[in-house]
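These notes are about the structure you will find just below.
The values are calculated or read from the model by the stated rules, or taken from the named source; none is laboratory data. The structure displayed is predicted, hence computed values, not measured ones. Don't worry about glycine lacking a Cβ; one is built from the backbone with ideal geometry, like all the others, and counts go over all protein chains shown. Ligands, DNA and RNA are excluded from the accessible area calculation, which covers all protein heavy atoms including side chains. Shrake-Rupley method; radii C 1.70, N 1.55, O 1.52, S 1.80 Å.
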Amino acid sequence: MEFSELIKTATVENVVLSSAGLPAVKGTLCITSHHLLLSSRPGGDSQPGTMELWLLIRNVDAVEKRLVGSSGTITLRCKDLKVLQLEIPGMEECLNIASSIEALSSVDSVMMMYPFFYRPQSLKLKEGWHLYPLEQYFQQIASQTSQWRLSDVNQDFTTCPTYPGTVIVPAAVGDATLQKAARFRQGGRFPVLSYYHPKNGTAMLRSSQPLTGPNRRRCHEDELLLGSVLDEEERGFIIDTRSAQAAKQARMSGGGTEPKAFYPRWRRLHRPLERGRVLQESFIKLVEACNESSISMDRWLSRLESCRWLSHVKAALSTACLAAQCLDREKAKVLVHGAEGTDTTLLVTALAQLILDPSCRTLLGFQGLLEREWIEAGHPFHLRCARSAYSHARLKQEAPLFLLFLDCVWQLSRQFPFSLEFSERLLLTLFDSAYASAYGTFLCNSEKERCLCKVKENTHSLWAWLNQPGERKKYLNPLYTHNPLVIWPSVEPQSIQLWQGLFFRWIRSSQYLDEAWAEIQHLVESSK
């Protein structure tokens, strides 16, 4: 397929661009294979144009067109929640532009996406892709205990298609046992180490659900694997991110839970977290409410409550706190899983580490956490972030799990303003990049897919760009002071707030807040 086949009209003159809070501008609209460009001519045709719009077409979530007489208006609703309007002279041009944007924004082939074509001068290919190897993380653990080992059992991705090639597992368990245990877990996601708590030597593991089914199948190798994690007389906790009812229903279709009879030293705790359609619809309703300008206070509060987004934030933080409490206060091992183990499981394990471990709260440590617990751990970004809050397409597998995680991190940063080295700006950049990016970091659904598409050989890493000295300082929190303690967030309803910096980003100007942060940064730098 050639991109040119999808572009019916490449250039239109005298297009008027407007968006909330900004003056309308007139200029020339151009469509390229990956971008929508609009340049104005403020001083007439003899003057160089000013680039008023440089929009990655992958960022377009919905295209709405309205024809009036011989012209038309196209409304572009973007995945980063921005809304743009283009007034286009000529009915045919309007229809052609809308059709072209819809076709280009729907290209689903990973290797046709912009990261495979983006070549900035300041970066080299392959830079930043191996900054946070699991081997390095394992060395930190190995310096404190010999209970764990690195396994290459999944080197060719045949044991588990959604795990990375290397995983950390109990040292007492051989690869043959792991392979048999994998066949007893949905998608082959056998229990692997997620986090080792250096304070007391406890550990958090993650997996998918066991395939016990209606006949209560068992797997001795899986029992052995989980048994080897616990010391003699020690008990552990299984945090299941489904309700007891959902787990019971899963058993009827081949899934299920770990029976007490076969896992006697593990106690199961159900902490249901929504994912899939329910979470996506909550996101959609929240964005609709935020875009409603003529609304009374009572109506606004009612809509905010009915979308239940803040309830999902509270539930995620509560469950992460439970996992962290088991590790830090109960001094107990923890296994986290839901059904597939690629969504709410990763949400909980990543948040628990942020609560417990000060190294995860640095800029580099947070990037490493995202690599280990989201990207390499097999969160299906390509499926979950295919559409944002505006799409008219029928929901398939979209769900804003990663946005929910970022929102929880923002709640932590608001409650502990000195404890995270990175700022809100990083969280906003990560949200934007997960849905549409010039970088390959969030492409595909797993390491196996990234290998097949040669993502690391042919695209640039977001981390390489963020960690450039000139860029890095834009994402730092000027108030940061190293805090070696566990940060226990409040999950009381009055403590959970709407993330205005994201949901009102394009609706309300943040000029004064930006100026205040710039002033704080200046004061901090001048005092050094």
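Quick notes
- Matching residues, the stretch 475-512, being open to solvent by 80 Å² or more (accessible area, probe 1.4 Å) and of a type in the set (Lys, Arg): ARG508
- Tally, over the stretch 447-456, of residues that are in contact with a Cys (Cβ under 9 Å, 6 or more places away or on another chain) and not in a helix (DSSP H, G or I): 1
- Top-ranked residue in the stretch 115-170 [being of a type in the set (Gly, Ala, Ser), without any contact (Cβ under 8 Å) to a residue 60 or more places away in the chain and open to solvent by 30 Å² or more (accessible area, probe 1.4 Å); ranked as farthest from GLY341 (Cα to Cα)]: SER143
- Any hit, the stretch 246-255, residues being at pLDDT below 95, of a type in the set (Ser, Thr, Tyr) and farther than 22 Å from ALA350 by Cβ: yes
- LEU131 farther than 29 Å from CYS321 by Cβ, of a type in the set (A, V, I, L, M, F, W, C) and modelled with pLDDT under 95: yes
- Residue among GLY128, GLY165 that alone is touching a helix residue (DSSP H, G or I) at 6+ places or on another chain (Cβ under 9 Å), at positive phi and of a type outside the set (D, E, K, R): GLY128
- Just one residue in the set GLU330, GLU292, GLU305 is in contact (Cβ under 8 Å) with a residue 60 or more places away in the chain and acidic (Asp, Glu); that residue is GLU330.
- Complete set of residues in the stretch 171-185 that are open to solvent by less than 10 Å² (accessible area, probe 1.4 Å), among the aliphatic types (A, V, I, L, M) and over 14 Å from THR158 (Cβ atoms): VAL173, ALA181
- Residue check, SER243 touching a Phe, Trp or Tyr at 6+ places or on another chain (Cβ under 9 Å) and polar (S, T, N, Q): no
Let's see how each residue does on (1) open to solvent by 60 Å² or more (accessible area, probe 1.4 Å); (2) among the hydrophobic types (A, V, I, L, M, F, W, C):
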| residue | (1), (2) |
| --- | --- |
| CYS290 | no, yes |
| SER296 | yes, no |
| ARG303 | no, no |
| SER306 | yes, no |
| SER318 | no, no |
| CYS321 | no, yes |
| CYS326 | no, yes |
| ASP343 | no, no |
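- Residue ranges of helices (runs of 4 or more DSSP H) in the stretch 370-437 with at least 3 members within 22 Å of ALA315 (Cα to Cα): 401-415, 424-435
- Among residues of the stretch 239-253 that are closer than 10 Å to LEU269 by Cα, those with a beta-carbon under 6 Å from a residue that is assigned to a helix (DSSP H, G or I) and hydroxyl-bearing (Ser, Thr, Tyr) at least six positions away or on a different chain give the pairs THR241/THR344.
- Flag if SER433 is touching a helix residue (DSSP H, G or I) at 6+ places or on another chain (Cβ under 7 Å), open to solvent by 10 Å² or more (accessible area, probe 1.4 Å), assigned by the TED database to the domain that holds SER194 and closer than 18 Å to SER105 by Cα: yes
- Criterion applied to LEU412, LEU466, LEU485 was being of a type in the set (A, V, I, L, M), more than 18 Å from the chain's Cα centre (by Cα) and within 30 Å of PRO198 (Cβ to Cβ), and the one residue passing it is LEU485.
- Taking the listed residues VAL229, VAL169, VAL173, the one that is touching a Gly at 6+ places or on another chain (Cβ under 9 Å) and among the β-branched types (Val, Ile, Thr) is VAL229, with no other qualifying.
For (1) touching a strand residue (DSSP E or B) at 6+ places or on another chain (Cβ under 9 Å); (2) aliphatic (A, V, I, L, M); (3) closer than 28 Å to PRO400 by Cβ, each residue gets a yes or a no:
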{"residue": "LEU84", "(1), (2), (3)": "yes, yes, yes"}
{"residue": "ILE88", "(1), (2), (3)": "yes, yes, no"}
{"residue": "LEU95", "(1), (2), (3)": "yes, yes, no"}
{"residue": "PRO120", "(1), (2), (3)": "no, no, no"}
{"residue": "LYS126", "(1), (2), (3)": "no, no, no"}
{"residue": "LEU134", "(1), (2), (3)": "yes, yes, yes"}
{"residue": "VAL153", "(1), (2), (3)": "yes, yes, no"}
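- Check on VAL336, assigned to a strand (DSSP E or B), open to solvent by less than 10 Å² (accessible area, probe 1.4 Å) and within 19 Å of ILE239 (Cα to Cα): yes
- Residues satisfying the stated conditions in the stretch 259-291, i.e. farther than 24 Å from ARG394 by Cβ and among the charged types (D, E, K, R): LYS260, ARG265, ARG267, ARG268, ARG271
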